[in-house]
Amino acid sequence: MATERKRKVRFSDVVEVISSKKLARPINVLLSMNRWNGRPYTQRYYDILDKRKTLPVWSQKDEFVKQLKNNQTLILVGETGSGKTTQIPQFVLEAVDLENQSNQKKYMIACTQPRRVAAMSVSHRVADEMDVTIGEEVGYSIRFEDCSSSRTVLKYLTDGMLLREAMTDPLLERYKVIVLDEAHERTLAMDVLFGLLKEVLKNRPDLKLVVMSAALEAEKFQGYFFDAPLMKVPGRLHPVEIFYTKQPEEDYLQAVIRTVLQIHTCETPGDILVFLTGEEEIEDACRKINKEVGNFGDTVGPLEVVPLYSTLPPLMQQKIFEPAPPPFTENGPAGRKVVISTNIAETSLTIDGIVYVIDAGFSKQKVYNPLDRVESLLVSPISKANAHQRSGRAGRTQPGKCFRLYTEKSFNNDLQPQTSPEILRSNLAHTILTLKRLGIGDLVHFDFMDPPAPETIVRALEDLNYLGALDDEGYLTELGDIMSEFPLDPQMAKMLVVSPEFNCSNEILSLSAMLSVPNCFIRPSDAQKAADEAKARFGHIDGDQLTLLNVYHAYKHNNEDQLWCYENFVNHDALKSADNVRQQLARIMYRCNLKLCSTNFNSRDYYVNIRKAMLSGYFMQVAHLEHTGHYLTVKENQVVLLDSSNCLNHKPEWVIYNEYVLTTRNFIRIVTDVRGEWLVDIAPHYYDLHNFPECEAKLTLEKLNKKREREKGCTTGIKGVSNKATSL
Ligand code: CDP
Ligand code: MG
């Protein structure tokens, strides 16, 4: 491989191509070499190049290059599909000199994406366009996966990853140009990057920034980015006819299925793109559509139903780019592709050939209430801007139709013009830990484009203080410094960092990995009983986290076997990815000098230690069983229900939970039984009863404390667990 990589083009190669019968290009073109790997271009390169040249951004290539040379910051707006993500970084590569005189290293170009899927998919496409191998000259970097090398000149990475890179490279010195793509998405990491990059640009006159977007509040961005020039790429959108429902739909999933079938049976050829909210719903819709269309037999053309959501394995994601199936018979009705997607397909990924769009009007959005500390994903109505983007997907190649499954009145009166930026509806603990690590102590004066509410900042500072990551003055502690090394939320990072003290870091590593990947349990509709029985075999009566650990151990014990996974209704991809995450986290543990250790499996303390370590991270996510039979979250006193998927065989008095799900009722998911005594031992600051709201949990804890003191009076030398929040 290494010799092949270095191989420069030889004269004999050229002769070989010239003498081949397939010669489709004049000799002078054939002689042009790929600047990046020194090889002659393949025929495929030229084929793609022809297509690329028809993209709207190509008509403005010279103008773009000129503007880039003359300005430090540039804002570029263009319709989805105009070629921003794939072409602009390549124009940048052509325009700038990547030689770094001072240390003889080459600079890189970064292009950030809000979504992992887009970073992966687009980098593959661009590697093809540049006729290079992915991971070499063109690469990508997403959380827990780095597919780049020392040869990489163009790297697509999630905005979160660029922010992490800034922790070790504050001036982002490895980059010559940074392209922030999809700026209208306003993810949490992106908003922080905006503020950070403004500072970096002041300190690095040689660095350039390009901010790109499909639809952005241009003036607001220009105002924020030093009045940077704005380039508009003319759209090439065909007209899209919009249809609304006459009455509000009671069940939008049913309406989606009905509309897909109507289009397939009545409308002219052209693919369909459906917008729904999440994995489960999408898989459900795929199954139902397949079933219904089966009833039509071959009176209609073949219908290929393709799901698209962020946790879908990459191979499956590729299916969205495949053409529609051919007709069953030569003169039979045309085949059609229907892609059922989350809002990924709104702007992040362009799917060609879409003529019909079905918009259910909802997406999963993060919501956060600092008062009750709950952050959750909630299915919420989209904004007008989203609706506009969605309908636009129908008119990329020819005039199209968009079916909005809500009334026109609802569109006009109920939908907000824009979705509010994520920073205004998120728990900021992780972000603030990152900012503190970046040396930004003064959060009040940080140049946020939209400053978050003071309560949210205060709450995050408070949480980090309880976790021991910040001291009482708000400075990063040694523990906080180590926690920030992990690309995890602060609670999980804390659990991991203190796990060696509980002699169970191996197990907590596995658990953290399992909690960082998509749900591993599969429950097909035609085999629910068998799937539930399989899950029960892994079940640990004390909780779901311990069950996840059992699954991971069983997977390793069975040599990561795919057939074993299939037979046991667990998702092989999810487990494989957990294994990868575990390795990455173990590397960080090693770098931070954190010991990898386990309690003897036969010891009674094996699971006790694991549960205690979990509690050291998640002590702010505890619920107490009231005498009424309900659970109340501790301190916030919200009524919550245990999600029915749990593995417990009893109703524990105290549980820690991993997720809080807001629907019509509030659920807690992934729960484990913990002991009341541990709460006070492990997190005495948080469980200081002097500032506790009056509730049953408080009374119980008071009783426990009294019992403790009595015991202490009688016996001396009881060994308690030290206060992990402040140690290290
Ligand atoms: O970023 P923007 O929405 O402006 O466009 P893009 O993502 O650069 O896509 C431009 C064109 O590249 C699309 O219309 C597709 O024809 C093509 N493309 C592709 O064929 N396969 C991909 N994985 C990505 C893009
Ligand atoms: Mg794009």
Checklist entry - Any idea what the relative contact order of region 536-695 is, in percent, if you count C-alpha pairs under 8 Å spaced at least 6 apart? => result 24
Checklist outcome for this item: the chain accessible area per residue, 1.4 Å probe, protein heavy atoms, integer Å², reads 47
Checklist outcome for this item: Of all C-alpha pairs within region 502-585, those more than 18 angstrom apart amount in percent to 38
Item to check | Positive-pole candidate from SER644, VAL551, PRO269, dipole of the chain, charges at beta carbon | outcome: PRO269
Checklist entry - For region 480-541, what % of the accessible area comes from carbon and sulfur atoms, probe 1.4 Å? => result 50
Checklist entry - What are the radius of gyration and Dmax of the chain, computed over its Cα atoms and given in Å? => result 27.8, 97
Item to check | Kirkwood Rh and Cα Rg combined as Rg over Rh, evaluated for region 430-477 | outcome: 0.93
Checklist entry - Running Debye on region 319-373 with equal point scatterers at the Cα sites and no solvent, what base-10 log of I(q)/I(0) appears at q = 0.23, 0.27, 0.29 Å⁻¹? => result -0.99, -1.17, -1.26
Next on the checklist: Rounded to whole Å, give me the distance from the Cα center of region 491-528 to that of region 602-641.
Outcome noted: 16
Checklist entry - Within the accessible area of region 30-186, what % is carbon and sulfur when the probe is 1.4 Å and the other protein chains stay in place? => result 47
Next on the checklist: Relative contact order of region 282-391, please, whole-number percent, based on alpha carbon pairs below 8 angstrom and at least 6 residues apart.
Outcome noted: 22
Item to check | Area of VAL517 that stays accessible when all protein chains are in place (1.4 Å probe, Å², to 10) | outcome: 20
Checklist entry - To the nearest 20 debye, what charge dipole does region 32-154 have about its Cα centre, counting +1 at the Cβ of each Lys and Arg and -1 at the Cβ of each Asp and Glu? => result 140
Checklist entry - What percent does the relative contact order of region 324-379 come to when contacts are Cα pairs within less than 8 Å and at least six residues apart? => result 19
Item to check | Magnitude of the charge dipole, the chain, Cβ model with Lys/Arg +1 and Asp/Glu -1, debye to 20 | outcome: 1680
Next on the checklist: Shape verdict for region 85-186, please, from the Cα gyration tensor: rounded (a/c under 1.5), prolate (a/b greater than b/c) or oblate.
Outcome noted: rounded
Checklist entry - Protein chains only, probe 1.4 Å: how do VAL379, VAL671 rank by accessible area, largest first? => result VAL379, VAL671
Checklist entry - Within the chain, which complete DSSP H helices have Cα atoms spanning at least 24 Å along the helix axis and a mean Kyte-Doolittle hydropathy of -1.0 or higher? => result 572-591
Checklist entry - If you place +1 on the Cβ of every Lys and Arg, -1 on the Cβ of every Asp and Glu, and leave all else neutral, what size is the dipole of region 131-247 about its Cα centre, to the nearest 20 Debye? => result 220
Checklist entry - In terms of Cα to Cα distance under 21 Å, which lysines are near enough to LYS337, apart from those fewer than 8 places away along the same chain? => result LYS288, LYS291, LYS319, LYS401
Item to check | Per-residue SASA entry for ASP463, accessible area with 1.4 Å probe, Å² rounded to 10 | outcome: 10
Checklist outcome for this item: Projecting the Cα atoms of TYR631, THR477, MET33 onto the charge dipole of the chain, where Lys and Arg contribute +1 and Asp and Glu -1 at Cβ, the residue farthest towards the positive end is MET33
Next on the checklist: Please return the longest range in the chain lying between exposed loop sites, taking chymotrypsin sites (Phe, Trp or Tyr not before Pro), DSSP loop only, at most 11 other beta-carbon atoms within 10 Å, and leaving the sites out.
Outcome noted: 1-474
Next on the checklist: Leaving out ligands, DNA and RNA, and with a 1.4 Å probe, what % of the accessible surface on region 381-451 is carbon or sulfur?
Outcome noted: 51
Checklist outcome for this item: Of the listed links LYS66/LYS232; LYS155/LYS595; LYS364/LYS436, those spanning more than 24 angstrom between alpha carbons are LYS155/LYS595; LYS364/LYS436
Checklist entry - If you take the charge dipole of the chain about its Cα centre, with +1 on Lys and Arg Cβ and -1 on Asp and Glu Cβ, which of LEU230, THR431, VAL622 is farthest toward its positive end? => result LEU230
Item to check | Longest segment of the chain lacking trypsin sites (Lys or Arg not before Pro) that sit in a DSSP loop with at most 10 other Cβ atoms within 10 Å | outcome: 247-603
Next on the checklist: Give me P(r) over region 146-267, computed from all C-alpha to C-alpha distances, binned every 10 Å, as integer percentages.
Outcome noted: 9, 31, 22, 17, 15, 6, 0
Checklist outcome for this item: Ordered by number, the GluC sites (Glu not before Pro) in region 660-703 that occupy a DSSP loop and have at most 10 other Cβ atoms within 10 Å are GLU694
Item to check | Ranked order, ILE257, ILE440, ILE522 - accessible area, probe 1.4 Å, largest first | outcome: ILE522, ILE440, ILE257
Checklist entry - Of GLU63, GLU330, GLU165, which has the most accessible area with a 1.4 Å probe, and how do the rest follow in descending order? => result GLU330, GLU63, GLU165
Checklist entry - For region 201-295, what number results from the quotient of the Cα radius of gyration and 2.2 N^0.38 Å? => result 1.74
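The values are calculated or read from the model by the stated rules, or taken from the named source; none is laboratory data. Worth saying up front: this structure is predicted, and the values here are computed from it rather than measured. Every residue, glycine among them, receives a Cβ derived from its backbone with ideal geometry; neighbour counts consider all protein chains shown. For accessibility, only protein heavy atoms count, side chains too; no ligands or nucleic acids. Shrake-Rupley method; radii C 1.70, N 1.55, O 1.52, S 1.80 Å.
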